[in-house]
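First the structure, in the form of structure tokens, and then the observations on it.
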Amino acid sequence: MEIDRVHFYVEDAKARRDWFVRYLGFAAIASFTHTHTHTEVVQSGAVCFLLSSPLSDASPVADFLRLHPPGVADVAFSVANLEALVQNATAQGARLLQPIREKSLPQGTLKWAQISGWGPLTHTLIEAIGVSQSHFPLWSVDFTECWPGDRPVTPSATPFYTHIDHVVLNVANGNLESAVSFYEKTLGFQRQQTFNIQTHRSGLHSQVMVHPHGGVQLPINEPSSENSQIQEFLNLNRGPGIQHIALATHDILQAVAQLRASGLSFIQVPPRYYRNLQQRQGFRKSAAQWAEIEAQEILVDWHSDDPEKMLLQTFTQPIFSQPTFFFESIERRCQAQGFGEGNFQALFQAIEQEQIKREK
């Protein structure tokens with residue numbers, strides 16, 4: 001199983017398309033209108049996002065936006081045996097939202113269906129037989145491809161991001177075990193690390209889910225206090241949903257420097273984080289390397305027994321008007337695993353500071 005694409009429901013698909021191109025270096029690859037909904041498609045490496053906005057109140061996007069702020073509505077997975085997966089998922093409690101459909105293409109066959117996920121989230125399941133690229137053409141809707149008069153702004157020559165590293169789901173307090181069990185039973189995810197983060201103000205519980213075939217990673221969070229940033233998300237999102245998506249890059253320092261130059265805003269990392277980090281066992285960065293990491297405010301973690309396996313990450317400010325959804329940039333050096341366990345406390349505190357600013 002792999003993540004095929006992610007579908008955002010937004011208020012203005014064209015404006016959001018231009019945002020992805022201008023601020024994240026994505027390429028705009030298609031644009032189409034289907035009855036009551038307009039959709040833009042942007043891509044960076046293997047990362048494919050659909051951005052849909054309503055043209056009338058009859059659009060399912062309009063229904064979503066009446067209940068929630070803009071955000072992720074569907075996470076689509078490529079799968080090996082669609083029929084068996086749909087049969088199991090529905091037997092284990094997932095609702096079948098769209099029955100299995102099939103389309104023959106010159107190079108092979110595509111089959112897809114859609115099931116319910118946790119809360120308002122849905123999952124499109126895609127099986128490609130003899131088709132190497134299922135992202136495009138966008139076979140799962142009927143449309144006449146067209147470019148409107150306002151051509152998309154020019155993307156950067158080299159994509160900043162190569163693929164989706166992980167997707168994070170926030171659920172209500174007391175629902176973590178139920179959500180974890182749901183993804184175990186319906187889609188075959190397995191439990192890996194657990195995290196419990198606590199500050200003087202708030203906290204969270206997190207269970208990392210990984211699919212055994214393909215390695216899709218789905219951390220699921222629940223708040224552990226009323227002041228938790230996870231609870232803030234749930235309040236503003238008016239229910240559970242995708243909090244952030246981690247985008248993988250081969251060179252986070254260069255990518256973040258260019259993204260900052262384009263005007264993209266990231267969280268602020270307190271200087272004490274870097275002072276504390278230099279005291280950790282296995283610290284092996286030169287003064288010049290460290291200065292660059294600190295200048296771009298990158299969080300760094302490594303394995304104590306193998307410091308070359310290094311994880312570098314940072315997080316954007318929320319990308320919509322409500323402080324709900326944001327992106328993570330992540331680089332895994334020497335096939336580093338995990339999620340920056342050594343960074344969790346610092347990250348949680350940094351995001352907490354942004355939350356406190358919003359409350360003032």
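The values are calculated or read from the model by the stated rules, or taken from the named source; none is laboratory data. Predicted model, so just to flag it, every value in this text is computed and none were measured. Neighbour counts run over all protein chains shown; Cβ positions are idealised from the backbone, glycine included. Accessible surface areas use protein heavy atoms only, side chains included; no ligands, DNA or RNA. Shrake-Rupley method; radii C 1.70, N 1.55, O 1.52, S 1.80 Å.
Remark: the Ile129-Thr194 segment gains 19.8 nm on full extension, using 0.36 nm per residue and subtracting the alpha carbon distance. Stretching Ala261 away from Arg238 to a fully extended chain increases their span by 4.9 nm, per 0.36 nm per residue minus the current alpha-carbon distance.
Rolling a 1.4 Å probe across the protein heavy atoms gives the stretch 1-133 an accessible surface of 40 Å² per residue.
Got a number for carbon plus sulfur as a percent of the stretch 173-233's accessible area, 1.4 Å probe? The value for the stretch 173-233 is 42 percent carbon and sulfur by accessible area.
The residues of the stretch 198-240 present an accessible area of 38 Å² per residue when probed at 1.4 Å with all protein chains retained. The packing ranking, built from the mean of other Cβ atoms within 10 Å per residue, places the peptides 79-87, 103-111, 251-259 in the order 251-259, 79-87, 103-111, highest first.
If R0 is 51 Å, what FRET efficiency do you get for Glu184 and Ala295 from their C-beta distance, rounded to 0.05? So the FRET efficiency works out to roughly 0.75. On the beta carbon distance between Gln87 and Gln268, with R0 = 51 Å, the FRET formula returns roughly 0.60.
Rounded to the nearest 20 debye, the dipole magnitude of the stretch 1-108 is 100 debye, with +1 charges on Lys and Arg beta carbons, -1 on Asp and Glu beta carbons, and the Cα centre as origin.
Ranked by the mean number of other Cβ atoms within 10 Å of their residues, highest first, the peptides 19-26, 316-323 come out as 19-26, 316-323.
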